[in-house]
């Protein structure tokens with residue numbers, strides 16, 4: 001089945017490539033700066049994860065601020081796992097001071113140490129960011145909050161989000177079917193991931209049963225370390241050509257440099273149609 005055989009509502013908005021950076025687990029922003037420098041010519045924005053994979057990292061708000069200092073739009077991911085209401089308000093105040101206005105609210109992976117916070121949900125986070133934006137101290141902030149979407153029907157309350165990040169999927173056809181079923185009017189970004197190794201692919205498949213990774217792709221990645229880069233970048237291009245999504249949330253991982261080279265060689269710089 002071709003990517004054009006399904007007809008979701010075409011997006012009238014420019015296509016945006018949002019690259020996820022690898023967050024620092026030490027008090028050193030050098031690696032973040034290198035990723036931004038390498039990917040800036042091809043990325044339209046960057047997403048800063050929040051305590052990625054349940055490990056402590058530098059604040060996503062601080063990383064998003066660093067991204068914006070480098071001249072690129074930054075999006076801060078905030079999870080409900082590590083926060084109570086006061087903690088969320090602190091982060092939003094900090095973001096307003098730093099000029100960070102876009103967020104993705106998520107539940108959060110199981111932490112490697114300690115327990116989850118229990119009094120905050122993603123739904124409550126969405127409601128709170130709307131309420132805080134009306135307070136006099138934050139009235140000038142133009143907060144936009146997005147949510148992550150699973151493979152099924154998007155819950156009604158998530159439709160109040162300003163944008164949606166669809167779960168990583170290795171099938172363009174499945175992404176298009178999901179997009180058509182949702183009938184969302186807000187910007188929607190498809191999830192694409194670069195597989196760095198066969199081991200990574202198999203761990204991902206075991207940890208997230210909803211993600212179906214083709215066995216043929218896993219074998220290719222095992223034989224060629226750059227096969228995952230080529231597959232992900234080609235998937236981005238097919239999604240772009242479909243016109244069904246407003247952009248892609250691309251998880252490059254350690255392969256950020258060859259990803260930048262792939263798009264640069266094909267003239268896919270920032271803002272490309």
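The values are calculated or read from the model by the stated rules, or taken from the named source; none is laboratory data. Here the structure is a predicted model, which is why all the values come from computation and not from measurement. Neighbour counts are summed over all protein chains in view; Cβ atoms, including those assigned to glycine, are modelled from backbone coordinates with ideal geometry.
Within the range 15-41, being under 16 Å from residue 264 (Cα atoms) and part of a loop (DSSP other than H, G, I, E, B) holds for 40, 41. Listed by position, the helices (runs of 4 or more DSSP H) enclosed by the range 115-226 that each have at least 1 residues that are surrounded by 12 or more Cβ atoms within 10 Å (Cβ to Cβ), in contact with a helix residue (DSSP H, G or I) (Cβ under 7 Å, 6 or more places away or on another chain) and not assigned by TED's automatic domain parsing to the domain that holds residue 94 are 172-182, 198-207, 215-223. Entry remark, the range 34-58: residues being surrounded by fewer than 18 Cβ atoms within 10 Å (Cβ to Cβ) and modelled with pLDDT of 95 or more number 3 in total.
Within the range 209-235, the residues that satisfy the criterion of being in contact (Cβ under 8 Å) with a residue 24 or more places away in the chain and closer than 12 Å to residue 170 by Cβ are 210, 211, 212, 213, 214, 217, 221, 228, 231, 232, 235. In the condition set (1) assigned to a loop (DSSP other than H, G, I, E, B); (2) in the same structural domain as residue 71 (by TED's automatic domain parsing); (3) at pLDDT 80 or above; (4) under 27 Å from residue 235 (Cα atoms), residue 104 is compliant with all but (1). Going by what's in this entry, would residue 87 be described as closer than 22 Å to residue 246 by Cα and either assigned by TED's automatic domain parsing to the domain that holds residue 50 or loosely packed, with under 13 Cβ neighbours inside 10 Å (or both)? Judged against the criteria, residue 87 is not a match. Residues that are crowded, with 20+ Cβ neighbours inside 10 Å and farther than 16 Å from residue 23 by Cα within the range 59-80 comprise just one, 80.
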